[in-house]
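Just below is one structure, and these are the notes that go with it.
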Amino acid sequence: MCGIAGFLLREGVAQSRIVSAMCDQIRHRGPDDEGVYTDGPCGIGMRRLSIIDLSTGHQPLSNEDASVWVAFNGEIYNYRELRERLAGHGHRFQTNSDTETLVHLYEQEGADGIASLRGMFAFCIWDARRREILLARDRFGKKPLYYAETPNGLYFASELKCLGVAGAPLEIDEDALRLYFLFGYIPDPYSPYRAVRKLMPGCWLRYSSEGRVETGRYWRLPPFAGRDGAHQDREEVRRRVRETFDEAVRIRMEADVPLGAFLSGGIDSSLVVASMSMQSSAPVRTFSIGFEESGFNELPYARMVAEKYRTQHHEIIVRPDSVDLVTKLTRHFDEPFADASAIPTYIVSDFAAQHVKVALSGDGGDEMFGGYESFFEIEKYRVLDGIPQPIRRMLSAIAERLPYAAYGKNYLRMLGCSSPLERYFELHAYMAYFLRKQMLCPQWMLAGDVAFLKSILPDAFAPSGNDVMAQAMYFEATAQLAGDMLVKVDRASMAASLEVRCPMLDQRLAELAASIPHSWKVRNGSGKTILIEALGNRLPPATLHRRKMGFGVPLARWFRTSLKDFIHDHLESRRFRERGIVRPEFVAYLLEEHMSGRRDNSDHLYTLLALELWYRQEEDRRRAWRVLADRRHQEAAR
């Protein structure tokens, strides 16, 4: 695991010190090694966290005649198979690394070769003969890749902070920030800056030194199957789930450094640990964290799994410095991010990093096998689909006039939704329309209806013929997964210099999961039915059918105790009010209501706090970037 950065200029010569400055910003992603390569207008660099081929895996790395160079972040799990195939075509290898496979695959197949890769990755290839750069990102977007196409050339990096020190234009994009209030994050391909975009998962981009741009897609998640499973044999599906899952785990256990697993006590991480233990000759290292509050402590369930498989189990009850953690994570995320589960993700990553350099996780199981409560509620409220449209419109109009005191999930507005998919988004929007209308200034409001979401996120919706459950699962497995879950895991783990691998998001397992009817996943208010049928006998019975807890922190209590002064200082500050984003009197009401204990507003308050912390960090960075730019101008003038 690494971080990459670089640029291709339309005019001028790349300076290695600028590439090094970009790489310095992501030292945490790769503390073991640094490499920089320049060739005329092109400069590429990387920071390396050494996992495979520790002695000869230095990057950037080239082919035999140095006409193709690569800077690579990630892991290619089928690189040995590809290496053998490429050697058969006459390619000669100088290292044992998965990285070198990329340059020879590019020589042989160009951009078409990306579809052969099985892994998680973001990489840049410099083709010296063609004088062009190829950028590529893995199928689900596990690894980040930002780019800025400017009049001067193309800049790219694993993290936004690299682009700032390189001098890329970073004008704030308020349209993208408006999306933050719909999702709690800024969805792909958008970023907080007008000139910067995220390369979409499953896509590539080619840029020439003359400024020509070409983009392509090499993979798209298949649409999720509908409800009917009559054409499939259930026992055969169970067998395929078992075999594909175990293989996905096995290929992610290869490393030349210590390897372990996160063990939360939930079904997904427990199944990963069980499979690792069944395929390992040595005890698996497992890592769990808990909090003093029982509602956030799953350690007893994690311990059951650890004892069953006799893992080398490590667990702690944490009492974190919440102020320090919140501000630290803001620096690492580089953009507003409202998912507070990033806090425990960083804590467990930092804990594991004291013992291992790679950890497997259960991330992706809820998206692929129907584990979210939002899916259960789709089934629950299916009976409302028969309400006539005139009645729906009347109920929606009544809901518009309700006072904030009536706000919960605002069931009247839910009843008034024009379609089941509209209802899904109303019920499970990060910040529902009713609350946003009360809290935001008018110019910051977005409707957030399905038509709007399809217009800005077309790749997050399956064909219109799919039923609402299949549509919701597709949205969760594309937009939500790439924008929230995988961003959280990447930034939090990389802040601790730990590589995290996700077997549940293996390409073959995901394609299999998408083909399984959702009636075999979600049933009677619970999910993952087919997954439990296939693999549940590997786990202690007590872990299988308990209520899902999620991976969170006692944020509501922190806002009334250790973070109380901190959140008041930020959300009631003059700087925050003068941004013109929220109605100050309503924010004051949210704070008062939360502090009194009348209602838990912690999620909404954290959304605002994360945004304000990002703005302040942005102001500090801009001052530093201006100083750096002035210094470069002075040096150039000498």
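Structure values in brief
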quantity: Test: residue in the range 290-299 that is touching a helix residue (DSSP H, G or I) at 6+ places or on another chain (Cβ under 8 Å) and either closer than 20 Å to residue 359 by Cα or outside the structural domain of residue 354 (by TED's automatic domain parsing) (or both); calculated: yes
quantity: Helices (runs of 4 or more DSSP H) fully within the range 428-508 counting 2 or more residues that are within 20 Å of the chain's Cα centre (by Cα); calculated: 450-456, 468-475, 486-495
quantity: Within the range 449-459, considering residues that are surrounded by fewer than 22 Cβ atoms within 10 Å (Cβ to Cβ), farther than 21 Å from residue 507 by Cβ and not hydroxyl-bearing (Ser, Thr, Tyr), the one modelled with the lowest pLDDT; calculated: 449
quantity: Residue within the range 140-147 that is touching a residue at least 40 places away in the same chain (Cβ under 8 Å) and within 27 Å of residue 445 (Cα to Cα) present; calculated: yes
quantity: Failed condition for residue 354, given (1) free of Cβ contacts under 8 Å to residues at least 12 places away in the same chain; (2) in a helix (DSSP H, G or I); calculated: (2)
quantity: Test result for residue 155, over 26 Å from the mean Cα position of the chain (by Cα) and of a type in the set (Phe, Trp, Tyr); calculated: no
quantity: Members of the range 216-273 that are of a type in the set (Lys, Arg) and over 16 Å from residue 77 (Cβ atoms); calculated: 217, 220, 227, 234, 238, 239, 240, 242
quantity: Options 236, 298: the member that is modelled with pLDDT of 95 or more and of a type in the set (D, E, K, R); calculated: 236
quantity: Any pair with Cβ under 8 angstrom, 6 or more apart, that starts in the range 572-591 at a residue that is assigned by TED's automatic domain parsing to the domain that holds residue 608 and closer than 17 Å to residue 443 by Cα and ends at one that is modelled with pLDDT under 95 and of a type in the set (Phe, Trp, Tyr); calculated: 586/404
quantity: Cβ-Cβ under 6 Å pairs, at least 6 apart or on other chains, the range 237-253 side without any contact (Cβ under 8 Å) to a residue 40 or more places away in the chain, far side surrounded by fewer than 18 Cβ atoms within 10 Å (Cβ to Cβ); calculated: 250/279
quantity: Filtered residues of the range 81-109 (kept if assigned to a helix (DSSP H, G or I) and either polar (S, T, N, Q) or in contact (Cβ under 8 Å) with a residue 24 or more places away in the chain (or both)); calculated: 82, 98, 99, 100, 101, 102, 103, 104, 106, 107, 108
quantity: Count of the range 191-228 residues which are more than 30 Å from residue 109 (Cα to Cα) and surrounded by 18 or more Cβ atoms within 10 Å (Cβ to Cβ); calculated: 5
quantity: Total residues in the range 495-515, condition farther than 30 Å from residue 356 by Cα and buried (at least 23 other Cβ atoms within 10 Å of the Cβ); calculated: 1
quantity: Answer from 546, 621 - the residue that is exposed (fewer than 15 other Cβ atoms within 10 Å of the Cβ) and in contact with a helix residue (DSSP H, G or I) (Cβ under 8 Å, 6 or more places away or on another chain); calculated: 546
quantity: Candidate set: the range 286-326, residues that are among the small types (Gly, Ala, Ser) and in contact with a strand residue (DSSP E or B) (Cβ under 6 Å, 6 or more places away or on another chain); chosen: the one surrounded by the fewest Cβ atoms within 10 Å (Cβ to Cβ); calculated: 290
quantity: Residue in the range 327-336 that is touching a Gly at 6+ places or on another chain (Cβ under 6 Å), surrounded by fewer than 20 Cβ atoms within 10 Å (Cβ to Cβ) and over 24 Å from residue 263 (Cβ atoms) present; calculated: no
quantity: Residues that are in a strand (DSSP E or B) and without any contact (Cβ under 8 Å) to a residue 60 or more places away in the chain, drawn from the range 199-236; calculated: 214, 215, 217
quantity: Qualifying residue in the range 160-170 (condition: under 16 Å from residue 207 (Cβ atoms), assigned by TED's automatic domain parsing to the domain that holds residue 205 and at pLDDT below 95); calculated: yes
quantity: Restricting the range 270-315 to residues that are within 25 Å of the chain's Cα centre (by Cα) and of a type in the set (S, T, N, Q), the residue that is nearest to residue 500 (Cα to Cα); calculated: 286
quantity: Residue count for the range 224-266, restricted to those that are touching a strand residue (DSSP E or B) at 6+ places or on another chain (Cβ under 8 Å), farther than 16 Å from residue 506 by Cβ and basic (Lys, Arg); calculated: 0
quantity: Qualifying residue in the range 502-509 (condition: out of contact with any helix residue (DSSP H, G or I) (no Cβ under 8 Å at 6 or more places or on another chain) and farther than 21 Å from residue 118 by Cβ); calculated: no
quantity: Lone qualifier among 10, 80 - being within 19 Å of residue 129 (Cβ to Cβ), in the same structural domain as residue 160 (by TED's automatic domain parsing) and of a type in the set (D, E, K, R); calculated: 10
quantity: Qualifying positions in the range 1-32 - in contact with a Gly (Cβ under 9 Å, 6 or more places away or on another chain) and among the acidic types (Asp, Glu); calculated: 11
quantity: Residue within the range 537-549 that is assigned by TED's automatic domain parsing to the domain that holds residue 264, modelled with pLDDT of 95 or more and in a helix (DSSP H, G or I) present; calculated: yes
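Listed here are the residues, each with its yes/no results for (1) acidic (Asp, Glu); (2) modelled with pLDDT under 95; (3) not assigned by TED's automatic domain parsing to the domain that holds residue 579.
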residue: 421; (1), (2), (3): no, yes, yes
residue: 426; (1), (2), (3): yes, yes, yes
residue: 430; (1), (2), (3): no, yes, yes
residue: 433; (1), (2), (3): no, yes, yes
residue: 461; (1), (2), (3): no, yes, yes
residue: 478; (1), (2), (3): no, no, yes
residue: 482; (1), (2), (3): no, no, yes
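The values are calculated or read from the model by the stated rules, or taken from the named source; none is laboratory data. Fair warning: this is a prediction, and the values are worked out from it, not measured in the lab. Neighbour counts run over all protein chains shown; Cβ positions are idealised from the backbone, glycine included.
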